[in-house]
Amino acid sequence: MLLPAESPLLAVTTTPGPTGVMETTVRFGDRRWVFPADECVILPVRNTTAEWIARWIGLELRAALAAAGRPLPGTLRVMVDECLGQSAVWECLDR
C-alpha cells in the first residue's frame, strides 16, 4: 500500500496495534483504515499518483547524483507506469 505522508487531507500514522504488531492508520475526516505496517510504504509526497511518484523519484535521483559529484548531464526524465496505457512523466533540464 503506497501512502502519502504530505497529504493535506489524510493523516497517516504508524503505531503498535492491540497485539503489539505495528499498524499504519489512515484517517480522512471521520473515516479510518488500518493496514499492517509492513505492507505499507509511506512516501514523502502529497498524493500517490504516478505524477507525484515520478517527481519524487526524479528529485531523489537528482539529489543523489549531485551528492556523488555527478551533476545531471542534460535532461533527466522519469516515467512511472500505473497500468497498461496509464503513465506519467517528470522531466528536469539541467542548465
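Here are the numbers:
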| quantity | calculated |
| --- | --- |
| Among residues of region 37-95, those that are without any contact (Cβ under 8 Å) to a residue 24 or more places away in the chain, β-branched (Val, Ile, Thr) and assigned to a helix (DSSP H, G or I), counted | 0 |
| Considering residues of region 14-41 that are within 25 Å of GLU82 (Cα to Cα) and hydroxyl-bearing (Ser, Thr, Tyr) only, the residue surrounded by the fewest Cβ atoms within 10 Å (Cβ to Cβ) | THR25 |
| Residue within region 5-23 that is part of a loop (DSSP other than H, G, I, E, B), out of contact with any strand residue (DSSP E or B) (no Cβ under 8 Å at 6 or more places or on another chain), among the charged types (D, E, K, R) and in contact (Cβ under 8 Å) with a residue 12 or more places away in the chain present | yes |
| Set ARG32, ARG70: member being of a type outside the set (A, V, I, L, M, F, W, C) and at pLDDT 95 or above | ARG32 |
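The values are calculated or read from the model by the stated rules, or taken from the named source; none is laboratory data. Because the structure is a prediction, the values reported are computed rather than measured. Here Cβ is always computed from backbone atoms with ideal geometry, including for glycine, and neighbour counts include all displayed protein chains.
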